[in-house]
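The values are calculated or read from the model by the stated rules, or taken from the named source; none is laboratory data. None of these values were measured; they are calculated from a predicted model. Here Cβ is always computed from backbone atoms with ideal geometry, including for glycine, and neighbour counts include all displayed protein chains.
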Amino acid sequence: MDIVMQILMEPFTWGLVLGLFLMSVIWQSMRKDIVNLKHENKRINEDNKELQGHLNTQLKINAKGNEQLQVQLDELREQNDNLRANVGILKQKAGRVEMRQLHLMESAVSVMREQAPGFAPAWEKAMRDAEAAEVAGEGGLKKLIRKVLPGGKIKKPTMKTGESQTEQGNQ
């Protein structure tokens with residue numbers, strides 16, 4: 001026993017015992033941490049799988065919605081192209097351009113009856129005035145009256161040139 005007491009009195013022995021004790025405490029703490037980390041890892045993996053399932057479901061829903069929107073967009077583009085083609089065809093429909101030209105000429109002839117002297121320059125001026133009146137009459141009351149009474153004329157006040165005023169004064 002003397003030898004055991006002598007060994008226990010050595011500082012090396014006390015250091016070894018203290019070191020082994022600390023190592024066992026640290027080892028037990030590490031084992032608890034390892035077990036806790038395994039449980040935490042398992043829980044995180046389960047949450048990850050659940051979130052991936054939710055994400056997949058959401059992506060499928062979004063894909064269906066996007067697919068439906070794309071189909072609608074394609075249909076609307078096709079309708080737009082068809083309507084654009086129909087508008088172009090209706091604008092070029094025979095008769096509309098001729099009717100416009102007929103209205104212009106009729107308006108110009110009525111002005112020419114009032115301003116007969118100097119037929120060629122007056123004719124050109126009357127055509128320009130009729131075109132300006134047609135452009136001005138594209139909207140508003142004039143357009144409505146023209147649609148309701150297609151043969152009806154809307155007379156606008158005309159400005160008489162100096163020549164026509166002097167000729168009227170001479171007559």
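Values as computed for the structure displayed
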read-out: Test for residue 28: is it within 60 Å of the chain's Cα centre (by Cα) and either small (Gly, Ala, Ser) or part of a helix (DSSP H, G or I) (or both); value: no
read-out: Some residue of segment 160-169 being modelled with pLDDT of 65 or more and surrounded by 10 or more Cβ atoms within 10 Å (Cβ to Cβ); value: no
